[in-house]
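> Sharing a structure, written as structure tokens. Questions coming.
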Amino acid sequence: MKILVINSGSSSIKYKLYEVTGDNHDFKVLAQGGADRIGISGASVDCKREGEHREHIYLDLPDHKKAINAIFKLLTDPEKNTLRSLGDLSGVGHRVVHGGEDFSKSVLINGDVVKAIRDNSVLAPLHNPPNLMGIQAIHELEPTMKQVAVFDTAIHQTMPPKAYLYGLPKTQYTTHKIRRYGFHGTSHGYVAAQAAEALGKPLEELKLITCHLGNGSSITAFEGGKSVDTSMGMTPLAGILMGTRSGDLDPYIPLHIMQTQDMTVDQVSSLMNKQGGLLGLCGNRDMRDTMEGYRKGLEGCTQAIEKFVYEVQKYIGAYAAALNGVDGIVFTAGIGENERTVRKLILENFTYLGLKMDDAANEANETVITTAESKVAALVIHTDEEKVIASDTFDILNA
Ligand code: ADP
């Protein structure tokens, strides 16, 4: 069975083609690539097939339909035979950012689902519309193709009201849907399950705090296998400081800036989403560059790293309190999986919980980076959001 996973953005599309084989349902990547600069000059598509060099073609891609068509052409190239035809494809799984309160799990896409994704665009105006463009392009090109939507928000629908309500007049929630939704759900759910497996215990019996630390970062508390709180909010701007996003602020700050600095909503949004975070504090959005400055003792980089570490520590501490204990702290995504010094700095403050770091294991990027006596385990788990989307799509197509 072959499944295509699509992540459709405003001017780019990323894809991965999987083959599911054997009784154990192994997911093998046959090809991956993307379309870039859709609707802009200099557009291109590429394809990296297993064991081959990347194929990269420049062509005109005025819209998502043309881009998907170009990807389909690459995958069905008769000389390469990755797919003999599109009929070889059992279905397509899409990453959809915001499912609002309508979706607590992945679903087969039909007209009602498209409408609900469109209705939720008000909550994710930068993400849901381009996600929908990918879905609609495939529907127009291949009307019988089965498509599945996998939502970043779905797993967090288990949060209780005390975690998702904001302290605003209740009608802001009931009428305007203003509440915490949370994001990175496919990643948090996947690494929580992998961590339980690594610890040899059922996920349902564990209290876990998963730290997805990448360009965008969020932290989730799991109890009984369910997300009970998460650091991102109604939008992915909330929570800890990120590459370019400010994370949590005194909520009056944006209003104050608009009142006193003559800035528009768009300007303040840019300030908080694109000019804040590590970039705003030290001029580097990338953790590798920031760490280089930190190691050299540059003041801005040192402050940025100390702030990043401090915020992660505060969320872990808060969630350990919310969960009344924690069995495992899980690190994932670009920073979580690779940045050993940041992990070590974060974990230094949890000796009071009985956490004992295994420095050699941390340096070696092993799965468990705490000692056998440690009362709380810390783990490093590689996230694989595309595989979760492929796996959910497989399950729904076989249901
Ligand atoms: P995204 O949210 O875009 O998926 P990633 O999960 O790829 O982001 O994470 C990107 C972040 O991870 C960047 O800040 C990058 O500097 C950091 N990162 C990636 N590889 C390493 C590494 N080897 N060491 C330290 N940081 C890394």
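> Roughly speaking, to the nearest percent, how much of the stretch 185-330's 1.4 Å accessible area is carbon and sulfur?
Heavy-atom surface of the stretch 185-330 belonging to carbon and sulfur, 1.4 Å probe: 50 percent.
> Return the FRET efficiency for the residue pair residue 258, residue 399: r is the Cβ-Cβ distance, R0 is 35 Å, and the value is rounded to the nearest 0.05.
E between residue 258 and residue 399, to the nearest 0.05, is 0.10.
> So how do 226, 105 rank on accessible area, 1.4 Å probe, biggest first, that is with the largest at the start?
Result of the area sort, largest leading: 105, 226.
> State the percent of C-alpha pairs, over all pairs in the stretch 1-88, separated by a distance greater than 16 angstrom.
51
> Right, next: Placing +1 at every Lys and Arg Cβ and -1 at every Asp and Glu Cβ, with all other atoms neutral, what dipole size does the stretch 195-260 have around its Cα centre, in debye to the nearest 20?
Dipole about the Cα centre, nearest 20: 140 debye.
> What is the dipole size for the chain, taken about its Cα centre, with +1 at each Lys and Arg Cβ and -1 at each Asp and Glu Cβ, in debye to the nearest 20?
Magnitude of the dipole: close to 580 debye.
> In sequence order, what are the phi-derived ³J(HN,Hα) couplings for the stretch 213-225 according to the Karplus relation 6.51 cos²θ - 1.76 cosθ + 1.60 with θ = phi - 60°, rounded to whole Hz, with x for glycine and proline?
Computed from phi, the couplings for the stretch 213-225 are 10, x, 4, x, 10, 8, 10, 10, 9, 10, 9, x, x Hz.
> When all C-alpha to C-alpha distances in the stretch 107-174 are sorted into bins of 5 Å, what percent of pairs does each bin hold, rounded to whole numbers?
3, 13, 20, 21, 16, 12, 7, 4, 2, 0
> Run through all the Cα pairs of the chain and give the fraction in each 10 Å bin from 0, expressed as whole percent.
Going from the shortest bin to the longest, the percentages are 5, 21, 30, 27, 15, 3, 0.
> If you roll a 1.4 Å probe over the heavy atoms of the protein chains, what accessible area per residue do you get for the stretch 200-307, in Å²?
Per residue, the stretch 200-307 has an accessible area of 50 Å².
> Quote the relative contact order of the chain in percent (integer), defining contacts as alpha-carbon pairs under 8 Å separated by 6+ residues.
Over the chain, the number comes to 13 percent.
> Still on this structure, I have one more. Mind checking the per residue accessible area of the stretch 46-196 for me, 1.4 Å probe, whole number of Å²?
49
> Would you please give the residues with an amide H less than 5 Å from that of residue 374, counting only those at least 5 places away or on a separate chain, with H modeled from the backbone geometry?
Residues meeting the criterion, in which the H sits 1.01 Å from N, are 356.
> I want to make sure I understand the PRE zone here: with the label point 7 angstrom from the Cα of residue 110 toward its beta carbon, which residues in the stretch 132-161 have backbone N atoms less than 13 Å away?
Counting backbone N atoms under 13 Å from the label point, the list is 147.
> Next question. With each run of n ≥ 4 DSSP H residues scored as -39500 (n - 2.57), what mean residue ellipticity at 222 nm is computed for the chain after dividing by its residue count and rounding to the nearest 500 deg cm²/dmol?
Estimated from H runs of four or more residues: -11000 deg cm²/dmol.
> Could you list which residues have their amide H under 5 Å from that of residue 369, counting only those 5 or more apart in sequence or on another chain, with H placed in the peptide plane?
Hits under the 5 Å cutoff: 378, 379, 380.
> So, one more: Can you list residues from other chains, or at least 5 along the same chain, whose modelled amide H is less than 5 Å from the amide H of residue 96?
150, 151, 152
> While we're looking at this one, here's another question. For the stretch 220-325, what are the per-bin percents of Cα-Cα distances with bins 5 Å wide, up to the bin holding the maximum?
So the P(r) values, bin by bin, are 3, 12, 18, 19, 17, 14, 11, 5, 1, 0.
> If you don't mind, another one. Of 105/387; 115/387; 28/201, which sit over 20 Å apart, Cα to Cα?
Listed pairs above 20 Å: 115/387; 28/201.
> From the Cα gyration tensor of the stretch 70-223, with a ≥ b ≥ c the square roots of its eigenvalues, which class applies: rounded if a/c is under 1.5, or else prolate if a/b is larger than b/c, or else oblate?
It is oblate, given that a/c is not under 1.5 and a/b is not larger than b/c.
> Right, another one. For the stretch 1-76, give the magnitude of the charge dipole about the Cα centre (Cβ charges: +1 Lys/Arg, -1 Asp/Glu; no others), in debye to the nearest 20.
180
> Where does the stretch 280-351 land on Rg(C-alpha)/(2.2 N^0.38 Å)?
Taking N as the residue count of the stretch 280-351, the ratio is 1.17.
> Give the residue from 167, 208, 109 lying farthest towards the positive end of the charge dipole for the chain; charges sit on Cβ (+1 for Lys and Arg, -1 for Asp and Glu) and the dipole is referred to the Cα centre.
167
> Do the alpha carbons of any pairs in 2/207; 16/65; 314/375; 14/274; 177/207; 274/356 sit beyond 26 Å of each other, and which pairs?
2/207; 177/207; 274/356
> Let me ask something additional. Roughly how far apart, in whole Å, are the Cα centres of the stretch 69-111 and the stretch 284-300?
Here the two parts' Cα centres lie 40 Å apart.
> Starting from the Cα gyration tensor of the stretch 199-257, take the square roots of the eigenvalues, sort them a ≥ b ≥ c, and report rounded, prolate or oblate (rounded when a/c is under 1.5, otherwise prolate if a/b is larger than b/c, else oblate).
prolate
The values are calculated or read from the model by the stated rules, or taken from the named source; none is laboratory data. Just so you know, these numbers come straight off a predicted model, no measurement behind them. Heads up, the Cβs are rebuilt from the backbone with ideal geometry, glycines too, and the neighbour counts pull from every protein chain shown. For the accessible areas, the whole protein counts, side chains as well, though only heavy atoms, and no ligand, DNA or RNA atoms are used. Shrake-Rupley method; radii C 1.70, N 1.55, O 1.52, S 1.80 Å.
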